[in-house]
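Below: one structure, written as structure tokens.
The values are calculated or read from the model by the stated rules, or taken from the named source; none is laboratory data. These figures come from a predicted structure and were not determined experimentally. Cβ coordinates were reconstructed from backbone atoms using ideal geometry, including for glycine residues, and neighbour counts include every protein chain displayed.
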Amino acid sequence: MRSKKTLLKTAPTKADNIAYKPSKEFSKNARVKSMAEYTRMYTESIEKPHVFWAREAKELQWHKKWDKVLDWKAPHAKWFVGAKLNISENCVDRHVENGNGNKAAIIWEGELGDTQTITYRQLQRQVCQFANVLLAQGIKSKDRVLIYMPMIPQATVAMLACARIGAVHSVVFGGFSADSIKDRIEDCKAKAIITADGGYRRGKIVPLKATVDEALKKDTLVETVIVYKHAGNNIKFKKNRDLDWDTEMSNVPAQHKAKAFDAEHPLFILYTSGSTGKPKGILHTTGGYMVGTYCTCKYIFDMKDTDVYWCTADVGWITGHSYITYGPLLNGVTQLMYEGAPNYPDFSRFWKMIEEHGVTIFYTAPTAIRAFIKAGDQFVDGHDLSSLRLLGTVGEPINPEAWRWYHEKIGGGRCPIVDTWWQTETGAIMISPLPGATPIKPGTATRPFFGIDVAILDEDGNECGPDQPGKLVIRQPWPSMLRTIYGDKKRYRDTYWSDYDGYYTAGDGAKKGKRGNIYIIGRLDDVLNVSGHRIGTAEVENVLVSHKTVAEAAVISKPHEIKGEAIVCFVTLKSNATQSDELKAELRNHVGKIIGAIAKPDDIHFAPALPKTRSGKIMRRLLKELVKTGNITGNVTTLEDSKVIDDLRKSIK
């Protein structure tokens, strides 16, 4: 039972002591109206999960009912064993058949101000047509299809069409590089790519098709590239490989009968950073994921038929999968989708859109909130945000100061805030307030969601006492959990299930307050959280060392008032290389080219040598202390060469 990783030693910032209770009016109309009701439902979900999850699952459409709710032998779970379903049918067809075909499913707004509304019936037609396009190209069940798209409705159409025919989609964030695409193609053996000519970001066109072409220069796996013409930039078409989206859509019928797939049929692979240099392909399956995203949307966002919901994430991240493509559509709400930056043409963009589209539920990241605060209240003032009834945050813990601004300035002091903790691996939200029930204290994610058995353990596997930091673990399976790391079962077991027998280790440190609220402290492994995006330190280090001038590199983070964490690199050059500002810029761009712009280091320091133990391990804690305080006062007795410290001090001045 002994853990193999060192616990985080730093104490969390003290949270605000004021508890914000939901208004009587909100609670009266909420799905969960009180803490007593939450406690009753939560207890049932833990003690009788088969009863609880079966009841929730019955609200969805199944071709064949399950024989057994759960088959569990750690670390492998099967949910709704024997059941048959189609998640695309549940997201679209079900609502059309229930008489909501003319209801808006997606209201899309482009960065340049153009808008489009797609009803559930229109979405059904497009998904069926694109499913037929994929079938015409020989895409079949369990084939892997890579999607590299801007934030446009066609990205959702592509995902749902893949799910409809049983193909496994792997969405790549549109800011990632050609090398990142190439790595994912090679790992999942993708047969086709769906992309666009380009997308818009801060008034400029991001050339997506050109990036795909670069990734495919030496590729022999991908047989088909389907291109949606969105931005109008010049692109090249490769004969017998590249196809035009609109042309192919016009050649197929708009009807497609959804096929039923097993509940454990693979739905998608989404790559996330790990503590090694190789991203992990997180595999999610269909039935449990469907129930998990449906249920969390219903209860945590308190979704109603009249809501206009807006999640500002990108479909390339898990938030875009669970809380743009699947969860909201399973609940049949109208959602807003936006392509572009939050500050284009200025920081009033989000508030204008909330006012114009009557958004009722708004889900964004603390990174964005801090940027809005820094920009100034003048961008918010004058906009009518009275349509909002619920706010949410995702990606990282929100600090109390930002929470209060969000609550008072954006929510008018009347909107509950659901501060949600979860991961790519968990598939759905794990810890969050329920807006009609939970008294909310800024800085805490509050209580676990239904069916989520959370514990905080010390290194010996003992449960930590109040305010004692430890490792966050989940002690029993949940429907939306990952099933494996694609192609690497051993890494799956070693990464998530080896610290404590039978328990999922999240990789985050946490503590529990005296009243049971859970506070997330931060990552325990070598993974950075930059603007809510997980980036492995090893990934950045590997890229730096791949540069012809670099002999060795160490990457750490430092606090950043907007992004949460900034990337700081210490680099030892080869003997024939010369330190210069130009080389720093070249190294930053090198990282951006290989991984993507989000991974560009904020600071690069040249160091003659890095602090190492006698066994050769780089002592990153000393680098963190040096960056934070300008000095090193910690234990250096295990250093191989103590003179390195003096050189490091000079390097950061």
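Residues that are within 24 Å of the chain's Cα centre (by Cα) and surrounded by fewer than 21 Cβ atoms within 10 Å (Cβ to Cβ) do not occur anywhere in the stretch 429-446. Would you mind finding the one in V627, V555, V571 that is modelled with pLDDT of 85 or more and touching a Ser or Thr at 6+ places or on another chain (Cβ under 8 Å)? Answer to the selection: V555. Output yes when any residue across the stretch 202-214 is free of Cβ contacts under 8 Å to residues at least 60 places away in the same chain, part of a loop (DSSP other than H, G, I, E, B) and buried (at least 19 other Cβ atoms within 10 Å of the Cβ), and no when none is. Scanning the stretch 202-214 turns up no residue that is free of Cβ contacts under 8 Å to residues at least 60 places away in the same chain, part of a loop (DSSP other than H, G, I, E, B) and buried (at least 19 other Cβ atoms within 10 Å of the Cβ). Number of residues in the stretch 591-602 that are assigned to a helix (DSSP H, G or I) and surrounded by 19 or more Cβ atoms within 10 Å (Cβ to Cβ) equals 3. Within the stretch 560-570, is even one residue over 30 Å from N343 (Cα atoms), without any contact (Cβ under 8 Å) to a residue 24 or more places away in the chain and in the same structural domain as E541 (by TED's automatic domain parsing)? No: zero hits.
Residues in the stretch 336-346 include none that are crowded, with 19+ Cβ neighbours inside 10 Å, within 23 Å of P150 (Cα to Cα) and of a type in the set (S, T, N, Q). Restricting attention to the stretch 436-451 and to residues that are at pLDDT 95 or above and in contact with a Lys or Arg (Cβ under 9 Å, 6 or more places away or on another chain), the residue that is nearest to E408 (Cα to Cα) turns out to be P439. Each residue in the stretch 99-128 was checked for being free of Cβ contacts under 8 Å to residues at least 24 places away in the same chain and part of a helix (DSSP H, G or I), and 2 of them qualify. Note on the stretch 352-372: residues that are in contact with a His (Cβ under 9 Å, 6 or more places away or on another chain), of a type outside the set (D, E) and more than 20 Å from G395 (Cβ to Cβ) amount to 1.
Residues checked against (1) buried (at least 23 other Cβ atoms within 10 Å of the Cβ); (2) out of contact with any strand residue (DSSP E or B) (no Cβ under 6 Å at 6 or more places or on another chain); (3) assigned by TED's automatic domain parsing to the domain that holds T312; (4) of a type outside the set (S, T, Y):
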site	(1), (2), (3), (4)
A74	no, yes, no, yes
F80	yes, yes, no, yes
V96	no, yes, no, yes
N102	no, no, no, yes
L112	no, yes, no, yes
I147	yes, no, no, yes
L160	yes, yes, no, yes
V172	yes, no, no, yes
S177	no, no, no, no
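Checked against the criterion of being assigned to a helix (DSSP H, G or I) and in contact with a Leu (Cβ under 6 Å, 6 or more places away or on another chain), the stretch 18-36 has no qualifying residue. Taken residue by residue, the stretch 141-159 has at least one member that is in a helix (DSSP H, G or I) and polar (S, T, N, Q).
A quick yes/no check of all residues on (1) more than 19 Å from the chain's Cα centre (by Cα); (2) in contact (Cβ under 8 Å) with a residue 40 or more places away in the chain; (3) surrounded by 24 or more Cβ atoms within 10 Å (Cβ to Cβ):
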position: S386; (1), (2), (3): yes, no, no
position: W405; (1), (2), (3): yes, no, no
position: D419; (1), (2), (3): no, no, yes
position: A455; (1), (2), (3): yes, yes, no
position: G461; (1), (2), (3): yes, yes, no
position: G465; (1), (2), (3): yes, no, no
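Among the residues of the stretch 45-75, those that are under 27 Å from L329 (Cα atoms) and of a type in the set (D, E) comprise E56, E59, D67.
On the basis of being buried (at least 22 other Cβ atoms within 10 Å of the Cβ), of a type in the set (S, T, N, Q) and in the same structural domain as A163 (by TED's automatic domain parsing), does T195 make the cut?
Numbers: buried (at least 22 other Cβ atoms within 10 Å of the Cβ): yes; of a type in the set (S, T, N, Q): yes; in the same structural domain as A163 (by TED's automatic domain parsing): yes.
For T195, the condition - buried (at least 22 other Cβ atoms within 10 Å of the Cβ), of a type in the set (S, T, N, Q) and in the same structural domain as A163 (by TED's automatic domain parsing) - is met.
Could you say whether any residue in the stretch 231-249 is in contact (Cβ under 8 Å) with a residue 40 or more places away in the chain, outside any strand (DSSP E or B) and surrounded by fewer than 16 Cβ atoms within 10 Å (Cβ to Cβ)? Looking for residues that are in contact (Cβ under 8 Å) with a residue 40 or more places away in the chain, outside any strand (DSSP E or B) and surrounded by fewer than 16 Cβ atoms within 10 Å (Cβ to Cβ), one finds none in the stretch 231-249, hence no.
The rows are residues; the columns are (1) in contact (Cβ under 8 Å) with a residue 12 or more places away in the chain; (2) more than 30 Å from I152 (Cα to Cα); (3) not hydroxyl-bearing (S, T, Y).
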{"site": "K48", "(1), (2), (3)": "no, yes, yes"}
{"site": "G82", "(1), (2), (3)": "yes, yes, yes"}
{"site": "V96", "(1), (2), (3)": "yes, no, yes"}
{"site": "A131", "(1), (2), (3)": "yes, no, yes"}
